[in-house]
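**Student:** Pasting a structure below so you can have a look.
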Amino acid sequence: MRRGLYTGLIALAVCLVSCEKVIDVNVRDADRRYVIEGVVTDKPERHYVKITTTQNLSDNNNFPGVRDAAVSVTDESGTSFVFVEEEDGVYKSVHSFAGVSGSIYTLTVDINGERFTAVSTMPHKVEMDTMYITEEFLFGQVRKAANIAYRDPQGERNYYRFIQFIEGMRYNRVFVTNDEYTDGNAVTDKLRTPSDDEDHQIEAGDTVTVHALCMDKANNDYWVSFLSSGATGGGGTASPANPTTNIQGGALGYFSAHTLQVLEAVAP
Amino acid sequence: MKEIVLTALTVCLAIALPAQERFTISGTVTSKKNGETLIGATITAGAAGTVSNEYGFYSLSLPAGEYLLEVSAVGKEIFSRQVTLDKNVVLNISMEEEVISMEQITITAAPKNRSLSSPQMGVEKVTTKEVRNVPVLLGERDILKTIQLLPGIKSAGDGNSGFFVRGGSADQNLILLDEANVYNASHLLGFFSTFNSDAIKDITVYKGGMPAQYGGRLSSVLDIKMNDGNNQDYEVSGGIGLISAKLNVEGPIKKDKASFLVTGRRTYADMFLKLSNDSILQKSRLYFYDLNAKVNYNLGEKDRLYLSGYFGQDVLGASDRFGIHWGNATGTIRWNHIYNSKLFSNTSLILSNYNYKISIASEGVNFDIFSQINDWNLKHEFQWYLNNRNNIRIGLNTIYHTLRPGEVRPSNDKSSINIRLLQRRYSWENSLYATNTWKATDRVNVTYGIRLTTFSILGKGDYFTLDENRNVVDTMRYRKGEFVKTYVNPEPRLAVSYRLNSSSSLKGAYARNVQNLHLLANSTTSNPTDKWVASTNIIKPEISDLVSLGYYKDLWNDVELNTEVYYKTMQNQIDYKDGADIFINTDAVETQLLFGRGRAYGWELQLKKKAGKLTGWVSYTLAKTEKQIDGINNNQWYNARQDRTHDVAVVASYELSKKWSISANWVYNTGNAVSFPTGKYSIDGQVAFYYTERNGYRMPSYHRLDIGANWILKQRKRLSSELSFSLYNAYGRQNAYTISFQQSKSDPERTEAVQLALFRFIPSVSYNFKF
């Protein structure tokens, strides 16, 4: 948060003299790598694992799915849940099941003789108390933002992620937070949208939906490094790298067993 | 070790045996106009010669006889006097200003007769005159930006005052202001340096082969000495520029005995924010100020006391929601004592402090983050002018460092933030050094010495053992004052010069340097929150070994050619593991770091014209800097971020008339090494970038022309004033500051690279006066 504000101030300080332009950069092509996105929630539903590959920068943004993979999730009692391919690269569990807090889940993916595994623990669920929309006046503009209030349980580390939908449209901004500084306190997290992101501002009357996730440390580390290490394309870090993943075997992406609570509010 | 020192001393003493009766002439060289001591004045008597030291003291031992003593210094008339040496003589020399006749305008920007015979190499002297002539961003005259135009010294970025020396990173430069270490030498996110050039007497940069009295950083030493203050007359000078105003007041407290100097500078860009009708902008703050103060007192013929201090702050704030202020404070008490005509000593007690505080106030989230580094430093040094072949320095230095890496405190009781204090880190650094400058023959001069450094990490605190994945597997608790670990490192230094003829010489040098304080800065811009850490049981002292060779020639009257080659190896270099977070809220910052080695080599060339209507230089550097760190780039060697192949600087200043002078500088360099993504992928419905190697690409090459003009309005004894104009980036080159990747706004299916360029066509005007 503090770095975000800080970058904003730098931008303010230099906005009068700076200029941006699109340039040609010759980037070498790299070998393709598998990208795995696996999710198990505490909702009784068919969970998904999505498998794609990396593309060259000059390619378009259609990322074809990887077919014919063998995908399964095993819990610590040895129960195995098989996933089958539903559509291009998207695998769903054959049966609905609900993940259980405290359980350790292992994802196994076999593609063309290569094996990828990942382990994730579903943490305790922290109930969100309420969500409401407020207005904020910042840099000459009135902006609406969702606020989520909850009481963080004392004495354990908790990692949160919020996914925001405005009028049913998913907003691809990563909101992650944890209780490093707020252990045991009543906390209100505000989901701010950058003021230059005109397409994702909340307007009066909009229905705002937020998925509140409680996740494990490995997934917190994934999203924190996703934001700080250049995965979003910013030129701010001196040593950009791929986010730290919990997937073994050389694939990008993550496997997350998390709890899920859906909150909804209409913007005044 | 001990043997080497003893042998050295024996050799010296053997040479010291008098052939005939010898006497010593000694004293202090000062300026007649303002009483300032003169550093590096050349004193010759017959074939013998010496230069005044950093406090203006000189000592020359000669056989009894009649001598013509000649003294020269930059911008001063040559002083000469017939001296009869039949006993030890104390001669304090007061030098007149150089008189420039109306017909003949010759400006001496640097010493005319540089010391070809001095073994010191890799050294650059910058005069305040040169600093004044170089056109700079927004007209803020800047020492750090001027030295970036020298060969082997590179700018850290567009408009940035950070610098890289011979492949070293920005934190490997020891920056001293009146002997006090300045931890963050920049203002306003690196765009301006903390040194107000009005109060500076002497600027010396050592790029390598530094003498043994300096230590603590791998790459370079930038030794800045402030003026002492005019002890003859009151003097007020100042200036008003586009972004800042400054004032300098000095004068005698007691004529010839004691003087003071106070100088201040403040930017006022924030005043314009107040004019805005946006209430957020009105409440925003963006300024910095500097305050330098100095007092000195002649306690008698043999003792002199100096007190100097610096205080600077930056304040940046958006409304009342977010604020950060940061700054340095230094203080130095120095005592010069002349034991006798051959033995000079200096004792210094120095305080250095750097801290920042961030304040955040949002609904229910109110807290401050504080961090600080604080040093208490005691130095004691003897300079022993044994005879005119041997000049010995022996000294010791002890520093107590206290680092407070980060402290989070709620700023009101409604805040949801808990108090959280990272452990303070304590360490004790000691150095003992001895060095001799030995005139071996008429052609060969040698400086040899050794610096022995110990670095002790002290409790109270927790120290860790990590596994190969850099997870903490064991924690060791230490009590207050308990020794955690002590590192002992000898640092040999050797420099040799061989005078080929009256106009050229060859030099060679070797130096080892050790660094125990390291700056963690994992961003492309310099931030006040970059984190200083001390060596721990896991972070080992950084060690560099530098070998350099040089050839120096006076081509004709006032043009000199300098060229040097160097090869440097570095051990225990620090880089960040993939996905590192150095703001991590844990005492075990080592979990984010990886260690390895580095190497740097290059060739530097400089052609310099020192006097005449046209002065300036052309410099070129060809260089390579690499790192090899297990865990990065598949353990292969990779380019360090500051690696640049070519660096060119052309600096020129031309005296059109008595009133007008014009100046220009042009720089060109290969872009820094940078990591670009080599692919992309989709995760959670958004496009993410895929990286395969560290620093495998280059920023576009950088070039820029700045032009400037000085117009002297009045030049009288009582009042002089001038107007300075400058245009930064005169042909408006869009130099890439950062390059980022994003999905095209017009075609979201495609990815594009976007370059941010900062400064183009920045004009400025400033008015300076003196009375």
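**Student:** Return the subset of B:Lys225/B:Lys717; B:Lys225/B:Lys609; B:Lys283/B:Lys770; B:Lys609/B:Lys714; B:Lys294/B:Lys342 for which the Cα-Cα distance in this structure is over 30 Å, preserving the input order.
**Tutor:** B:Lys283/B:Lys770
**Student:** How fast does the protein assembly as shown diffuse by Stokes-Einstein, in µm²/s, taking the Kirkwood radius from C-alpha pairs at 25 °C and 0.890 mPa s?
**Tutor:** 78 µm²/s
**Student:** Please compute the length gained on full extension between B:Tyr510 and B:Trp711, using 0.36 nm multiplied by the number of residues separating them and subtracting their Cα-Cα distance.
**Tutor:** 67.8 nm
**Student:** Quick one: Debye curve from the alpha-carbon atoms of the range B:518-589 only, equal weights, vacuum; give me log10 I(q)/I(0) at q = 0.13, 0.15, 0.17, 0.19 Å⁻¹ to two decimals.
**Tutor:** For the range B:518-589 at q = 0.13, 0.15, 0.17, 0.19 Å⁻¹, log10 I(q)/I(0) is -0.62, -0.71, -0.79, -0.89.
**Student:** Taking a threshold of 26 Å on the Cα-Cα distance, which of the pairs B:Lys507/B:Lys531; B:Lys76/B:Lys125; B:Lys207/B:Lys485 fall above it?
**Tutor:** Over 26 Å Cα-Cα: B:Lys507/B:Lys531; B:Lys207/B:Lys485.
**Student:** Quote the charge dipole size of the range B:165-310 about the Cα centre in Debye, to the nearest 20; the model charges only the Cβ of Lys and Arg (+1) and of Asp and Glu (-1).
**Tutor:** Result for the range B:165-310 is approximately 220 debye, rounded to the nearest 20.
**Student:** Follow-up question, since we're still on this one. Only bridges with both residues in the protein assembly as shown count here: give the DSSP antiparallel percent, nearest 5.
**Tutor:** Close to 95 percent.
**Student:** With a cap of 14 neighbouring Cβ atoms within 10 Å, and only residues DSSP puts in a loop, list the trypsin sites (Lys or Arg not before Pro) found in the range B:328-421.
**Tutor:** B:Lys414
**Student:** Compute, for the range A:130-218, the length of the dipole vector about the Cα centre, with Cβ point charges of +1 (Lys, Arg) and -1 (Asp, Glu) only. Units Debye, rounded to 20.
**Tutor:** Value, rounded to 20: 180 debye.
**Student:** From the convex hull of the Cα coordinates of chain B, what is the mean projected area in square nanometres?
**Tutor:** 35.7 nm²
**Student:** Taking a ≥ b ≥ c as the square roots of the eigenvalues of the Cα gyration tensor of the range B:429-476, is the shape rounded (a/c under 1.5), prolate (a/b larger than b/c) or oblate?
**Tutor:** Oblate, since a/c reaches 1.5 and b/c is not below a/b.
**Student:** While we're looking at this one, here's another question. What is the antiparallel percent of DSSP beta bridges lying wholly in the range A:133-203, to the nearest 5?
**Tutor:** Close to 100 percent.
**Student:** Within the range B:585-652, which chymotrypsin sites (Phe, Trp or Tyr not before Pro) sit in a loop by DSSP and count at most 16 neighbouring Cβ atoms inside 10 Å?
**Tutor:** Sites meeting the loop and neighbour criteria: B:Trp637.
**Student:** Which aspartates and glutamates have a Cα less than 16 Å from the Cα of A:Lys43, not counting those fewer than 8 places away in the same chain?
**Tutor:** Within the straight-line limit of under 16 Å, A:Lys43 reaches these aspartates and glutamates: A:Asp75, A:Glu127.
**Student:** Sequence gap at least 6, Cα distance under 8 Å: using those rules, report the relative contact order of chain B to the nearest whole percent.
**Tutor:** 10 percent
**Student:** Specify whether the C-alpha gyration tensor of the range B:209-252 places it in the rounded, prolate or oblate class, a ≥ b ≥ c being the square roots of the eigenvalues: rounded for a/c under 1.5, otherwise prolate if a/b is larger than b/c and oblate if not.
**Tutor:** Note, shape of the range B:209-252 comes out oblate.
**Student:** Something else: Give me A:Val84, A:Val73 ranked fewest to most by other Cβ atoms within 10 Å of their Cβ, as a rough exposure proxy.
**Tutor:** A:Val84, A:Val73
**Student:** Label B:Ala269 and B:Phe769 with points 7 Å out from Cα along Cα→Cβ: what is the distance between them in nm?
**Tutor:** 2.6 nm
**Student:** In terms of Cα to Cα distance under 18 Å, which lysines are near enough to A:Lys50, apart from those fewer than 8 places away along the same chain?
**Tutor:** Counting by Cα, and skipping residues close in sequence, A:Lys50 has these lysines nearby: A:Lys92, B:Lys680.
**Student:** For A:Glu85, what is the net charge nearby, where nearby means another residue's Cβ is under 9 Å from its Cβ and Lys, Arg count +1, Asp, Glu -1?
**Tutor:** After counting each charged neighbour, the total is -2.
**Student:** Moving on. Placing +1 at every Lys and Arg Cβ and -1 at every Asp and Glu Cβ, with all other atoms neutral, what dipole size does the range A:89-172 have around its Cα centre, in debye to the nearest 20?
**Tutor:** It comes to approximately 120 debye.
**Student:** Report the relative contact order of chain A, percent, no decimals, based on alpha-carbon pairs under 8 angstrom and at least 6 residues apart.
**Tutor:** Contact order relative to length: 19 percent.
**Student:** Principal axis lengths of the range B:194-334 from Cα atoms, whole Å, largest first?
**Tutor:** Here the Cα extents, ordered largest to smallest, are 62, 41, 22 Å.
**Student:** Can you give the convex hull volume of the alpha carbon atoms of the range B:113-169 per residue, in Å³?
**Tutor:** 87 Å³
**Student:** Post the alpha-carbon centroid distance, the range A:162-191 to the range A:19-85, in whole angstrom.
**Tutor:** Centre-to-centre (Cα) distance: 24 Å.
**Student:** Once both labels are modelled 7 Å past Cα along the beta-carbon direction, what's the A:Glu167-B:Lys540 spacing in nm?
**Tutor:** 6.1 nm
**Student:** Could you point to the residue in B:Gly461, A:Ile104, A:Asn147 farthest towards the positive end of the protein assembly as shown's charge dipole, with +1 and -1 charges on the Cβ of Lys/Arg and Asp/Glu respectively?
**Tutor:** B:Gly461
**Student:** What is the antiparallel percent of DSSP beta bridges lying wholly in chain B, to the nearest 5?
**Tutor:** Here the antiparallel bridges make up roughly 95 percent for chain B.
**Student:** List, in order, the whole-Hz ³J(HN,Hα) value for each residue of the range A:53-69 obtained from phi through the Karplus relation with A = 6.51, B = -1.76, C = 1.60 and θ = phi - 60°; use x for Gly and Pro.
**Tutor:** For the range A:53-69, the Karplus curve yields 10, 6, 10, 5, 4, 7, 6, 7, 8, 8, 9, x, x, 9, 9, 6, 9 Hz.
**Student:** Let a ≥ b ≥ c be the square roots of the eigenvalues of the Cα gyration tensor of the range B:564-710; is it rounded (a/c under 1.5), or, if not, prolate (a/b larger than b/c) or oblate?
**Tutor:** prolate
**Student:** Report the calculated FRET efficiency for A:Ile104 and B:Ser746 (r = Cβ-Cβ distance, R0 = 41 Å), to the nearest 0.05.
**Tutor:** 0.30
**Student:** Report, ordered by chain and residue number, the aspartates and glutamates lying within cross-link reach of A:Lys21, taken as a straight Cα distance under 12 Å and ignoring same-chain residues fewer than 8 apart.
**Tutor:** Within reach: B:Glu752.
Throughout, read-outs are computed from the coordinates displayed, never taken from laboratory work. On a predicted model such as this, the values are computed, not experimentally measured, just so you know. Reconstructed Cβ throughout: ideal geometry from the backbone, glycine too, with neighbour counts over all protein chains shown.
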